Each structure stands twice: as structure tokens, then as C-alpha cells.
Amino acid sequence: MTTSYTEYKNSGCQWLGIIPSSWETGVIGSLYSQRSTKVSDNDYPPLSVTMRGVLPQLATVAKTDAHDARKLVLKGDFAINSRSDRRGSCGISDNDGSVSLINTVLVPRGKMNPQYYNWLFHTVQFADEYYRNGHGIVDDLWTTRWDEMKRIVIPVPPELEQAVIAGFLKKKVGAIDAVISEARASIEEYKAWRASIIFEAVTKGLDPNVEMKDSGVKWLGTVPQHWTVSRLKTVVAYIESGVSVNASQSAASEGKIGVLKTSSVSKYVFNPTENKEVNSDELNRVACQVRANTIIVSRMNTPELVGACGYVEKDYPLLFLPDRLWQVHFVDSVSAKYVYYYLCSNYIKNYYASLSSGTSSSMQNISQGQFLNAAVLLPERVEQEDVVEFLDKKCADIDTMILEKESLISDLESYKRSLIFEVVTGKRRVF
């Protein structure tokens, strides 16, 4: 059961607010010293400072040949990324190793509980205070150095209370994270179920008793006898692409011209809010207006998202495509939304991923020829519409369940953040 302390006092620090009267305040430099020893990752294993703590170096991290340009980290040290674009990346290291020079490495000193401060330093409020004390020209390059960090005021509860708070949060947050993990697992199951339903509908149809035939395509297997196996190019009327233009980082405001981001289809639905407002001096360069009853396709993306697409329900006169997206128009004999569902199937995703190429492993391309050469199954137009109606309903039901789980996760994450801050600053008493 959590309660409040009997008496509070003003901490004298805006980010902390009131703290229990029995607590003191201090500065980070009185509890930690800096470790700035430079080492090589040939001698000390490379570590990554992430929002989940200090971990063995991630495979996705960009590597350099500057092996000696690293900082030593020993087990028990606290490391925090000094850059504002890595907000929240910090933690206690469980291993000896090395981190990049953009991290500040701290050694606990004196009588204190490092786990208590690990919880404190992971709060959003501390991150805001940490970067407020930094310096820079723009947000992405804003940096907080040790000389600035060491002067930040933090709470100093009695050492015994630090240990109790750290133990309480480990147990409580662990229980919350277990529920979040279960909810995320459910979301993945729902997504797999959704993908399975889509694949069955667009390759087997809705009649379980229909006569089947060999499709002649290995991954399709048998298909309804009366369906046609063709190539996507036979049903595409034409493909348009846009132009890359200079734009702000914010979505276009009402009445303004926007250019879509590749993320507008990255979840295999069309999201028109994923756009950037075009700079006024670039307005005469925009091309390819977003039209109804088309499919927007990402021709360039990460390997798993090459070919990601979304169906456009209506015209968007003020939205335009960049050169990384295609707008696909179809002949009248097919339902564009039926083809959209077909392109959402995992097998088509894997097919395009297998064909993609590029100089960067993180950014791949497919050509129009590769896109159009994909096999496509085509029932008669009326049956296509039946499949679309069926999938619209099924997918909507599943999406509702996914949204409920996502809402639960959002609520739990918000509660967790609030709980941690209130406990580490004494707004809640846990013993």
C-alpha cells in the first residue's frame, strides 16, 4: 500500500518540486565521479547505451575503424548518452566493456544506492532537466557534458529508503512489464491471425467446397479451379511516382500542401497524416496528387518494408507523393482494394524482400518490373468484391482488438512513468 509522507518541503528545484522533509538534496557530482579512460574495443567488448540499459553492442549500430576512440566502462558504472536525440538512453552496466565517446560514464562514490538513482535517471523529468542543462545549436545536436551534468540537483533520501524504493520499483515495475509483454505478444498473435485470414481469402476464396487446381506457383499451392493465375502487370493501368521536395518536419497544416513520408504506408495501411509541409519555394515542384481507389507502394525502404502499401479511399488534393512512393492505378476489371489485400499477404511481402537490392543493407529498392512481375490470383470482379467485403469486416474486428491491447499498453506505460517519478521523488511513500 502506498501513502504520503507526513511532512514535505520545497526542494528548491523546479523539476523535483516538493520532497519529504526527511530527505536532502545534492548534486550529481557529490554522488558520482566521471570515468574518462579511453580504451580500444579490441581490448574491452563494445557495449551500447540504450533505453533498456547498457547492453552488448547492437548489430544495427554503425561501426567505425576508430577502435581506440572508446570509453572504459566497468561493471557497476552508470553510463548515459550525452546527445538529446538519444534521450532516455542510460543504465548501470552489468559488464566490463567500452562505449562510444558520446556517452558519459559515472562511478558511484560514497554511501548511496546506485539502483535508486538508476530509476531516478530513467524518468522523463530527469531527462528534461539533463538536456536543459546542456548546450547546442539545434535539438538533434544538443549535448550535455559532465561539467554541466554534475551540477544538476537531485534528491538524496536516507540510504535505507533508497534501497526500499529500488526494491519496490523492481517488483512493481516488473509486474507491470509482464502485463505489457503479454499484451504485446497478443498483438503479434492478432497480426499473425489477420495475415492468415488475408492469405486464405485471396488464395483459396471464401467457399471451402470449391474445386481446386494446382496454381503452378510453388508458394501459392492449390487455388480455386475457376480463378486465373496471372501477373500483376496485366491488371495495372499505370504507375505514377512523385518528386522529392524540401519540406518541414511537421505535418502540413490545414489548407497547406504536404508531401507524403514513406511511413504513410509502413503499417500496410494508408495514413495521410504521415506527411511533411512543403516549403513555399518548392510548391511549384510537387507532382503526383494522391487519388482515390489507388494503392500507394513504397519502392524504397528497409528490406522488410520494401513493397509496403496502403489503399487510398478518397482523393487528397493537397497531398503529393515523393519519389520513393508509387501510386498504382488499376484496370476496371479488378478491384484495387482486392489487389491491396493480396499485396498485404506475407508471401508477397517475402517475395518483394527477396528481390530487393541496394548499396545499403538498411535501405533497399525494387524496380517497377519486379513489382509488376509478381503472380496474382484473380477471381471474377463480383467475387473480388465479396472477398473485400469479408476482409474489411474481419480485419476491422481484429484491428479493434489490437487497438484495445495498444490502448492498454499505453495506459500501463503512462502509469509506470508516473509511478516511478512519484516514488523516487517521495510523492508516494512505499513503506
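The table for this structure:
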| quantity | calculated |
| --- | --- |
| Efficiency of FRET between PHE431 and MET363 - r from beta-carbon atoms, R0 60 angstrom, step 0.05 | 0.70 |
| Segment 286-373 shape via C-alpha gyration tensor axes, a/c threshold 1.5 | oblate |
| Förster radius 41 Å - calculated FRET efficiency between ASP128 and VAL217, Cβ distance, rounded to 0.05 | 0.15 |
| In Å², nearest 10: area of THR6 left accessible to a 1.4 Å probe | 130 |
| Solvent-accessible surface (1.4 angstrom probe) belonging to ARG231, in square angstrom, nearest 10 | 100 |
| Positive-end residue of ASN113, VAL223, GLY242, charge dipole of segment 102-244 with Cβ unit charges | ASN113 |
| Leading residue at positive end of dipole, segment 279-408 (Cβ point charges), from PHE371, GLN384, CYS395 | PHE371 |
| Cα coordinate range in the chain, projected on the principal axes (Å, largest first) | 79, 50, 50 |
| Förster radius 45 Å - calculated FRET efficiency between TYR347 and THR400 (Cβ-Cβ, nearest 0.05) | 0.95 |
| Sequence-separation-based contact order of segment 336-431, relative, with Cα cut under 8 Å and 6+ spacing, percent | 20 |
| Segment VAL153-ALA192, extension gain: residue separation times 0.36 nm, minus the distance between their alpha carbons | 9.2 nm |
| Residue-level accessible surface for LYS213, protein heavy atoms, 1.4 Å, Å² | 60 |
| Ellipticity estimate at 222 nm from DSSP helix runs (n ≥ 4, -39,500 (n - 2.57)) divided over the chain, nearest 500 | -10500 deg cm²/dmol |
| Zone residues, segment 251-272, relative to GLU313, backbone N less than 15 Å from point 7 Å out along Cα-to-Cβ | 269-272 |
| Inter-label distance, nm, simple model (7 Å from Cα along the C-beta direction), SER36/ILE18 | 4.1 |
| Entries of LYS233/LYS256; LYS267/LYS393; LYS204/LYS267 with Cα pairs more than 29 Å apart | LYS233/LYS256 |
| Simple spin-label estimate for LEU412 and LEU58 in nanometres, 7 Å along Cα-Cβ | 2.2 |
| Carbon/sulfur fraction of accessible area - the chain, other protein chains in place, 1.4 Å, % | 50 |
| LYS111, LYS204, LYS218, LYS191, ranked by accessible area, largest first (probe 1.4 Å) | LYS218, LYS111, LYS191, LYS204 |
| Three-way shape call for segment 110-217 based on the alpha-carbon gyration tensor, with the a/c threshold at 1.5 | oblate |
| Solvent exposure ordering (accessible area, 1.4 Å, most first) of MET149, MET300, MET51 | MET51, MET300, MET149 |
| Whole-angstrom gap from segment 296-317 to segment 18-48, using each part's C-alpha centre | 45 |
| Accessible surface, segment 139-297, averaged per residue in Å² (probe 1.4 Å) | 55 |
| For segment 237-353: relative contact order, % (alpha-carbon pairs under 8 angstrom, 6 or more apart) | 32 |
| Dipole magnitude (debye, nearest 20) for the chain, charges at Cβ of Lys, Arg, Asp, Glu | 1140 |
| Distance between modelled label sites at GLU254 and LYS172, nm, 7 Å Cα→Cβ extension | 4.2 |
| Rel. contact order, % - alpha carbon contacts under 8 angstrom, at least six apart, the chain | 16 |
| Average accessible area per residue (Å²) across segment 33-131 - probe 1.4 Å, nucleic acids and ligands excluded | 49 |
| Net dipole in debye of segment 349-394 [+1 Lys, Arg Cβ; -1 Asp, Glu Cβ; about Cα centre; nearest 20] | 320 |
| Full-stretch length increase - VAL229, ARG109 - with 0.36 nm per residue and alpha-carbon distance subtracted | 36.1 nm |
| Three-way shape call for segment 362-431 based on the alpha-carbon gyration tensor, with the a/c threshold at 1.5 | oblate |
| Angstrom value of the Kirkwood radius, inverse mean 1/r, which spans all Cα pairs in segment 206-338 | 16.4 |
| Charge dipole (debye, nearest 20) of segment 141-264; +1 at Cβ of Lys and Arg, -1 at Cβ of Asp and Glu | 280 |
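The values are calculated or read from the model by the stated rules, or taken from the named source; none is laboratory data. Treat the numbers as computed from the prediction; the structure is a model and nothing was measured. For neighbour counting, all protein chains shown are included, and Cβ atoms are generated from backbone atoms with ideal geometry for every residue, glycine included. SASA here: full protein model, heavy atoms, side chains in, ligands and nucleic acids out. Shrake-Rupley method; radii C 1.70, N 1.55, O 1.52, S 1.80 Å.
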